Each structure stands twice: as structure tokens, then as C-alpha cells.
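These notes are about the structure you will find just below.
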Amino acid sequence: AARARIDASFDMRTASLAMPATSAFAGERVRDAQRYFVELYAAFASFAAEWTAVRIDRTRWNVVCVEHGGGAPRYEYMDGDSDAFATGACVLDSVFYVHDLDYHWYRRARPPPHHAA
């Protein structure tokens, strides 16, 4: 099984509304780059052989870019400790801190019971 441990620190004093110079989005504001972000409106889970989802409503993101706070960050899943990425094939573009984000989680709709054939 792949591991996904993250060993990194971030310097909140670097919080910025501008994308860092090392980013593929350098020169853009975080809000402009945000159109490329993945925003989930549902949470997913797997129970035995069944997938389920819960719908989420959330407020607008209050998001800033932050930089690593020192040391060599380690992202196991992206650093080649999984079958998803070869060592060195994946690079973290930027790190975001999202705050004051309110969520409303809807109840999960129960699937119909399975009937034996």
C-alpha cells in the first residue's frame, strides 16, 4: 500500500496573494490562478465494494500562498513511494493556506439494499 506521509513546515510570514516566482503561475494573483484549482463539492468514501458521496456547500475560499519554512520537505506519495509517480516525476508547484472556510455537509443518501440474485 502506498504511503502518503507529509513531512514539511511552512512559513506563515510568507503568506501572499501573489503566486511565487517558482510557480508555473508566477506573476498571477492567487485568485486568478485559483481557476485551475480543484475545488471539491463532495466528499467520497468507499465502504466494502460500494462508493458513496456526500454533497458539500462551502463559503468562498480565503486563500494565500505560503512558502516552505526550512529543511527539505518530504511528500511520500509524490516522491516515488507510490506506483502513481516515478521518483522525480512529480513536483509540487505551490502550497496554499485556506482559512475561515465554512462547510455544510449534507447527509449521505443511503443506497438501496443489495438483493441476492
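The values are calculated or read from the model by the stated rules, or taken from the named source; none is laboratory data. Predicted, not measured: the structure shown is a model, and the values here were computed from it. Neighbour counts run over all protein chains shown; Cβ positions are idealised from the backbone, glycine included. Just so you know, the surface numbers come from the protein's heavy atoms only, side chains and all, with ligands and any DNA or RNA stripped out. Shrake-Rupley method; radii C 1.70, N 1.55, O 1.52, S 1.80 Å.
Screening His68 with (1) surrounded by 14 or more Cβ atoms within 10 Å (Cβ to Cβ); (2) more than 29 Å from Asp32 (Cβ to Cβ) gives one miss only, at (2).
Only one of the listed residues (Asp11, Asp32) is modelled with pLDDT of 90 or more and either open to solvent by 50 Å² or more (accessible area, probe 1.4 Å) or in contact with a strand residue (DSSP E or B) (Cβ under 7 Å, 6 or more places away or on another chain) (or both). That residue is Asp11. Contact map, the stretch 5-21: residues that are of a type in the set (Lys, Arg) paired with residues that are at pLDDT below 90, Cβ distance under 7 Å, separation 6+ or inter-chain. Pairs shown: Arg5/Glu76. Is it true that some residue in the stretch 50-59 is under 20 Å from the mean Cα position of the chain (by Cα), open to solvent by 100 Å² or more (accessible area, probe 1.4 Å) and modelled with pLDDT of 80 or more? Taking every residue of the stretch 50-59 in turn, none turns out to be under 20 Å from the mean Cα position of the chain (by Cα), open to solvent by 100 Å² or more (accessible area, probe 1.4 Å) and modelled with pLDDT of 80 or more.
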